Amino acid sequence: MYVVYSEVHRMHHPPFEIAEGGTKQPMFDAPQRMDCIVGALRHTEWAHFVEPGDFGVEPILAVHSADYVDFLRTGYVRWREEAAALGAGIDPTVLLGVSWPPRRALGRPKTATGLAGYYAMDTCCPITAGTYAAALTSAYGALTGAQLLLDGEKSAFALVRPPGHHAGRDFAGGYCYLNNASIAARFLCTHGKVAVLDIDFHAGNGTQDIFYNEPAVLTVDLHADPDRQYPYFSGYADECGVGAGLGFHHNLTLPAGANDALYLAELDKGLQFIRDAEPAYLVLSFGADIFAGDPIGDLSVTTGGFEEIGRRIAALDIPTLIVMEGGYNTDHLGANTVMVVQAFAVAH
Ligand code: SP5
Ligand code: ZN
């Protein structure tokens, strides 16, 4: 099985994130996450590493607005040029918004300082000098995996960071900048029906945003109840799509402490939506932050649970692109990820 991976992710390594209470803490999405997973994969006999290819800007712009992508590409350098706005004592390594648009947004600012808030949904998407290069390479990793499916592979694993499922058409958030899974799904959907199954701990609000008003891609999202957990304002069970997209989005929510049995019962409901749709391709947004020991999550899925989750999704027997999203317990991230990905490697 091919694992698409590039070292370029190291260019994105923000020095901190803002925790609840406003204190700075090390960013959970750090390069070390990839080291854990790569290390575990190198111990298997089935993982064959390949580098992402270059797909140009077209498949990115099929998902994200041009003005947003332009901001991601140029924002950091423009911000550094806005020397007067930086003021004394502002850390020059991190561009981070401090002012976000209200529900009825008015003007769009011209400065990168202002745009950093305009194009963000939270404080969890700092932009550094290497962020765009890393995010673009991450999207290309997902596209390379999608191309492998089109070339006849039954499964592929895009081992990428930064993750993508919180990034919407024109906003970043939750460590995400470009929505890798959505970009791959959009790329695949000209070749057949596509479903996205998102099993990251957090609701994939970006993926929901991108496909919400269209039937082209079925999206099924299993996550912690947003009434209790980030992202708080998206991922509720009654959000089912709008217009032509009505009925093509499903949110399944989980209570705190959900164990393997409860998790698998909800997963089965999600899998039935996918079976009924009979997609030609499946994109699995995989987050290992459903693990019992995750420092951000509050579910109780065990390593054995990951194994069974992988088995049940692989049993759909649909060509599947697995795209890495979250997962922050670096002691178990490698083993838990291998459990899920391996189910596909041995199935085919
Ligand atoms: C891709 C992904 O998993 N993004 C997650 C972004 C989460 N951002 C908000 C984190 C809030 C963390 N609260 C931690 C509480 C620890 N006790
Ligand atoms: Zn997550």
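Kindly indicate whether Asn329 is in contact with a strand residue (DSSP E or B) (Cβ under 9 Å, 6 or more places away or on another chain), of a type in the set (S, T, N, Q) and farther than 24 Å from Asn213 by Cβ.
Criteria met by Asn329.
Looking at (1) within 16 Å of ligand 2 (Cβ to nearest atom); (2) surrounded by fewer than 18 Cβ atoms within 10 Å (Cβ to Cβ); (3) part of a helix (DSSP H, G or I), which one does Thr330 not meet, given that it meets all the others?
Failed condition: (3).
Can you name the residue in the stretch 33-66 that is in a helix (DSSP H, G or I) and loosely packed, with under 13 Cβ neighbours inside 10 Å and, of all such residues, is nearest to ligand 1 (Cβ to nearest atom)? Working first, answer last.
Of all residues in the stretch 33-66, those in a helix (DSSP H, G or I) come to 33-42, 58-61, 66.
Keeping just the survivors that are loosely packed, with under 13 Cβ neighbours inside 10 Å gives 39, 42, 58, 66.
Numbers: Gly39: 20, Arg42: 24, Glu58: 25, Ala66: 24 Å.
Looking at residues that are in a helix (DSSP H, G or I) and loosely packed, with under 13 Cβ neighbours inside 10 Å, I get Gly39.
Filter the stretch 183-225 down to residues that are charged (D, E, K, R) and part of a strand (DSSP E or B) and give me whichever is nearest to ligand 1 (Cβ to nearest atom).
Within the stretch 183-225, the first condition is being charged (D, E, K, R), and the residues that meet it are 186, 193, 198, 200, 209, 214, 221, 225.
Now restrict to residues that are part of a strand (DSSP E or B): 198, 221.
Working: Asp198: 10, Asp221: 13 Å.
Taking the candidates together, the pick is Asp198.
Name the pairs: first residue in the stretch 176-202 and farther than 17 Å from Glu325 by Cβ, second residue of a type in the set (Asp, Glu) and within 15 Å of ligand 1 (Cβ to nearest atom), Cβ to Cβ under 8 Å, at least 6 apart or on different chains?
Pairs found: none.
Quick check, is Asp29 in a helix (DSSP H, G or I) and of a type in the set (Asp, Glu)?
Values: in a helix (DSSP H, G or I): no; of a type in the set (Asp, Glu): yes.
It is false that Asp29 is in a helix (DSSP H, G or I) and of a type in the set (Asp, Glu).
Mind telling me which of the residues Thr320, Thr337, Thr303, Thr253 ends up being hydroxyl-bearing (Ser, Thr, Tyr), surrounded by fewer than 17 Cβ atoms within 10 Å (Cβ to Cβ), modelled with pLDDT of 95 or more and on the phi < 0 side of the Ramachandran plot?
Thr303
Just to check your reading of the model, which residue among Ala112, Ala134, Ala142, Ala88 is within 24 Å of the chain's Cα centre (by Cα), within 23 Å of Phe16 (Cβ to Cβ) and among the aliphatic types (A, V, I, L, M)?
Details: Ala112 fails: within 24 Å of the chain's Cα centre (by Cα); Ala142 fails: within 23 Å of Phe16 (Cβ to Cβ); Ala88 fails: within 24 Å of the chain's Cα centre (by Cα).
Just one listed residue meets the conditions, Ala134.
Would you tally the residues in the stretch 226-252 being part of a strand (DSSP E or B), under 13 Å from Phe211 (Cβ atoms) and free of Cβ contacts under 8 Å to residues at least 40 places away in the same chain?
Adding up the residues that qualify gives 1.
If we only count helices (runs of 4 or more DSSP H) wholly inside the stretch 72-182, which ones have 1 or more residues that are more than 23 Å from Lys24 (Cα to Cα)? Show your work before the answer.
Working: elements: 83-86, 112-118, 131-150.
Because the criterion is at least 1 residues that are more than 23 Å from Lys24 (Cα to Cα), the helices (runs of 4 or more DSSP H) in the stretch 72-182 that meet it are 83-86, 131-150.
Within the stretch 271-290, which residues are away from ligand 1 (no atom under 12 Å from the Cβ) and in contact (Cβ under 8 Å) with a residue 12 or more places away in the chain? Walk me through it before giving the result.
Residues of the stretch 271-290 that are away from ligand 1 (no atom under 12 Å from the Cβ), as a first pass: 271-284.
Leu271, Phe273, Ile274, Arg275, Ala277, Glu278, Pro279, Ala280, Tyr281, Leu282, Val283, Leu284, listed by residue number.
Looking at Thr337, Thr320, which one is out of contact with any Lys or Arg (no Cβ under 9 Å at 6 or more places or on another chain) and in contact (Cβ under 8 Å) with a residue 24 or more places away in the chain? Break it down into steps so the answer makes sense when it comes.
Values: Thr320 fails: out of contact with any Lys or Arg (no Cβ under 9 Å at 6 or more places or on another chain).
Result of the check over Thr337, Thr320: Thr337.
Based on this model, can you work out whether Ile90 counts as out of contact with any Pro (no Cβ under 6 Å at 6 or more places or on another chain), over 21 Å from Glu325 (Cα atoms) and either within 16 Å of ligand 1 (Cβ to nearest atom) or aliphatic (A, V, I, L, M) (or both)?
Details: out of contact with any Pro (no Cβ under 6 Å at 6 or more places or on another chain): yes; over 21 Å from Glu325 (Cα atoms): yes; either within 16 Å of ligand 1 (Cβ to nearest atom) or aliphatic (A, V, I, L, M) (or both): yes.
The answer is yes for Ile90.
The values are calculated or read from the model by the stated rules, or taken from the named source; none is laboratory data. Computed from a predicted model, the values in this text were never measured in an experiment. Every residue, glycine as well, gets a Cβ built from its backbone with ideal geometry; the counts of neighbours run over all protein chains shown.
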